[in-house]
Structure formats: C-alpha cells, structure tokens
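Structure first, commentary second.
The values are calculated or read from the model by the stated rules, or taken from the named source; none is laboratory data. None of these values were measured; they are calculated from a predicted model. Cβ placement follows ideal geometry from the backbone for every residue including glycine, while neighbour counts extend to all protein chains displayed.
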Amino acid sequence: MKLIKFAIAGLALSSTVSLASDCQAPTKPTLPDGASAGMEQMLEGQKAVKAFQSSLMEYLKCLEPEMTAAQTAAEAGTEGAADTYKSIEETYNAGVSMEEEVAGEFNTAIREYKAANPS
C-alpha cells in the first residue's frame with residue numbers, strides 16, 4: 001500500500017514539474033515617470049499595472065497545484081520532493097514580492113505626479 005502511495009506521489013510530482021513549464025511569469029510593466037508624465041501616461045501606467053496584477057494572479061494559480069503536489073510528495077518522503085517544494089515556494093514568493101514592488105513603484109509615480117501637478 002505504501003508503495004502505491006509513493007508511486008502516486010511520484011507521478012503527481014513529475015506531472016506537476018511539467019506544469020511548471022506551462023506557468024509563465026509575467027514581465028514587469030514599464031511605469032511612467034510621475035514627475036514628468038501627463039495624465040494619459042499615468043492612466044496607461046495604471047492599466048499596465050492592473051494587467052500585470054491579473055497575469056500574475058494567473059501565474060500564481062498555475063503554481064499552486066504544483067506546490068501542493070510537491071508538499072504531498074515531501075510529506076510522503078519522496079526523495080528530492082522537499083527541495084522541489086522549497087524551489088516552487090521560493091518562486092511563488094518571488095511573484096508576490098514582484099507584485100508588491102510594482103505596486104510600490106507605481107504608488108511612488110502617483111505621488112510624484114501629484115507633486116508635479118498640484119490641483
């Protein structure tokens with residue numbers, strides 16, 4: 001019975017590794033320079049950030065089954081699964097950090113825009 005569980009965990013892990021190649025991380029958008037951008041450029045930047053966030057959410061959702069399978073395999077004692085899980089987790093966390101970075105950069109651009117264009 002244990003052999004079957006390990007075989008299933010190994011199969012799940014190997015199939016999710018192939019899924020990883022299907023998961024494509026989005027590219028960070030080019031953001032406007034708030035100090036010199038016009039309103040139209042800022043709105044385009046906002047659209048780019050929203051599109052990036054949407055693509056990033058799809059990317060993270062794509063990683064989740066792979067991460068779950070790797071965690072299950074690691075808990076079952078499958079060789080190398082813990083390292084695979086750690087790698088996927090780091091990739092996932094890097095995606096979250098990238099979203100925070102883009103949001104922070106765009107918020108800075110908004111503050112710069114408001115400073116350069118007081119009402």
Looking at 40, 58, which is the one that is over 22 Å from the mean Cα position of the chain (by Cα) and either modelled with pLDDT of 95 or more or not small (Gly, Ala, Ser) (or both)?
40
For the range 36-57, what are the residues that are surrounded by 13 or more Cβ atoms within 10 Å (Cβ to Cβ) and either not small (Gly, Ala, Ser) or not in a helix (DSSP H, G or I) (or both)?
37, 41, 42, 44, 46, 49, 52, 53, 56, 57
Residues being β-branched (Val, Ile, Thr), closer than 20 Å to residue 46 by Cα and surrounded by 12 or more Cβ atoms within 10 Å (Cβ to Cβ): count how many of those fall in the range 74-119.
3
Quick one: in the range 60-105, which of the residues that are among the polar types (S, T, N, Q) and in a helix (DSSP H, G or I) is nearest to residue 34 (Cα to Cα)?
97
Going through the range 18-35 one residue at a time, which ones are hydroxyl-bearing (Ser, Thr, Tyr) and either modelled with pLDDT under 95 or crowded, with 18+ Cβ neighbours inside 10 Å (or both)?
18, 21
Condition test on residue 108, is it among the hydroxyl-bearing types (Ser, Thr, Tyr), in a helix (DSSP H, G or I) and in contact (Cβ under 8 Å) with a residue 60 or more places away in the chain?
yes
